[in-house]
Amino acid sequence: MADLLIRDVKKAYGDNIVIEKLNMEIRDEEFMVFVGPSGCGKSTTLRMIAGLEEITDGEIFIGDKLVNDLAPKDRDIAMVFQNYALYPHMNVYDNMAFGLKMRKFPKAEIDRRVKEASEILGLGDLLKRKPKEMSGGQRQRVALGRAIVREPQAFLMDEPLSNLDAKLRVQMRIELKKLHERLKTTTIYVTHDQTEAMTMGDRIAVMNEGDLQQLDTPEQLYNNPANMFVAGFIGSPGMNFLPGRIEASGDDLFFVGDGIRLHVTKEKVKALRAHNAQDIVLGVRPEDISFESDESIQEVAKATVEVVEPLGAETYVYLSRGSHNFTARIDKHTMMQPSTNVQALFSMDKVHFFDASTEKAIR
Ligand SMILES: Nc1ncnc2c1ncn2[C@@H]1O[C@H](COP(=O)(O)OP(=O)(O)O)[C@@H](O)[C@H]1O
Ligand SMILES: [Mg+2]
C-alpha cells in the first residue's frame, strides 16, 4: 500500500489541454473519490496514474517511486472499470486466476489468493459459474475479485457501479466500503455522482474542466465549499444562489437582493465589509430555510410558494421572490399550499457568501 503524489501534471491531446496543472496527494490507505461532471478529466487523471495514458508534463509518484516512465504492469496497481469485461468462456475461478497465471504465479499461491478473495466477496459457492450464469452485481464482484487477487499497492476504480441498477448500486457501495475497511488498500474511486462521492470518500477531489476545485472531507465540502461550483455540485437539492449586493448601515451589513433584505450575522461582517456595495451571491442550503422559528439566527424573507413536493420523509418547497427562485427542504408535518404567500426564514448563521465575479467563497 502506498500514498500517491500528483505534481504539476498536465495533459493535452494535441492542442487541446484537458488538464492544465494538477497537484494532489492521496494518502496511504485512503479512500479517495474523484467527482465532477462528465468530461472534467476524472478518467484521464486515473488513466495517467495507471500509466494507460501518457502525461504531457509533471510527475506522478506511487510510494516513493517516480512512475512517469514505468509501464502499467510495473506500477503495482489494479483497475476496475464500469465495463467489467469478464472472459465469457471462463468460470469465476479462472477469471480471477487469469492475471496471476499470466504473471507466472505458483499454482498454490494463485489458489490461496482466489479462495481468499472469493470468500471476502461472497463468491465462494459460485467459483464454477460462467459470467452469463450470474447477475450483474455478482459479475461486478468477480471483476473486483480480479483486482483483489493482485494484492496491489492501490485500486483505481472508474465508475465501477454505473452499469448496475439503483438498488444494487447502493448495496455495492456499502460492500466496497466494507472491503476497504478490511483490506485498507489505497483506493481512488471515480464517479460523476455526488451522493456516491459523499457516502464513500474519506476525502473527495471535486473537479471541473480539468481543474481541482477543492480536495476535502465530505463534511468540509458540504459545510465550507471553496466556491460556487463546489457549493452547487455537492448536496441535493442543490444550494440556492441569490444574487445581490452588500449594503452597510452603521456597523451593520445587509444582503440586499430583489425584494429581499437580510441582516448579516456578526461573524460574517468582517469578511464581507471589503465587499461593501459589490455584487455578491448569497448561498443557502434548502434545509437552512424554514417556516417555523427555531433557535438559530433567522431573517425573514417574503416569498410565494410555487410548487410543493412531498417525498414522504420530507418535503421540498419551491419558492419565488422577485427574480429569485429557491428551494426549501422541510419536515413532512409542515403543510404548505401552492400560490400562497409565506414568510421564509433564512438561517443567517448557515448561509454562504460568494464573490459574484470570482465565484469564490468570502470568508
Ligand atoms: N483520447 C482522447 N483524445 C482527445 N480528447 C480526449 C481523449 N480522451 C479524453 N479526451 C477529452 O478529455 C476530456 C476529459 O475526459 P475524461 O477524462 O474522459 O472525462 P471524465 O472521465 O471526467 O468524464 C474530455 O473533454 C474528453 O473529450
Ligand atoms: Mg470518465
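A few comments on the model shown:
- For residue 348: the one exception among (1) at pLDDT below 95; (2) of a type outside the set (Asp, Glu); (3) closer than 24 Å to residue 221 by Cβ: (1)
- Cross-chain or 6+ apart pairs with Cβ under 7 Å, region 37-59 first and outside any loop (DSSP other than H, G, I, E, B), then polar (S, T, N, Q) and away from ligand 2 (no atom under 16 Å from the Cβ): 59/68
- Here residue 122 qualifies as on the phi > 0 side of the Ramachandran plot and more than 16 Å from ligand 2 (Cβ to nearest atom).
- Restricted to region 38-64, and to residues there that are more than 9 Å from ligand 2 (Cβ to nearest atom) and open to solvent by less than 10 Å² (accessible area, probe 1.4 Å), the residue that is farthest from residue 23 (Cα to Cα) is 50.
- Taken over region 11-28, the residue count meeting the criterion of being under 29 Å from residue 181 (Cβ atoms) and either near ligand 1 (Cβ under 8 Å from one of its atoms) or open to solvent by 80 Å² or more (accessible area, probe 1.4 Å) (or both) is 2.
- Of all residues in region 276-305, those being in a strand (DSSP E or B), of a type in the set (D, E, K, R) and surrounded by 15 or more Cβ atoms within 10 Å (Cβ to Cβ) number 1.
- Matching entry among 193, 211 (being in the same structural domain as residue 121 (by TED's automatic domain parsing) and open to solvent by 50 Å² or more (accessible area, probe 1.4 Å)): 211
- Residue satisfying condition, being within 25 Å of the chain's Cα centre (by Cα), within 16 Å of ligand 2 (Cβ to nearest atom) and either open to solvent by 30 Å² or more (accessible area, probe 1.4 Å) or assigned by TED's automatic domain parsing to the domain that holds residue 82 (or both), within set 168, 156, 144, 164: 156
- Those strands (runs of 3 or more DSSP E) of region 146-242 in which at least 1 residues are free of Cβ contacts under 8 Å to residues at least 60 places away in the same chain, considering only elements entirely within it, cover 211-216.
The values are calculated or read from the model by the stated rules, or taken from the named source; none is laboratory data. Computed from a prediction, not measured in an experiment: that's the story for all the values here. Cβ coordinates were reconstructed from backbone atoms using ideal geometry, including for glycine residues, and neighbour counts include every protein chain displayed. Just so you know, the surface numbers come from the protein's heavy atoms only, side chains and all, with ligands and any DNA or RNA stripped out. Shrake-Rupley method; radii C 1.70, N 1.55, O 1.52, S 1.80 Å.
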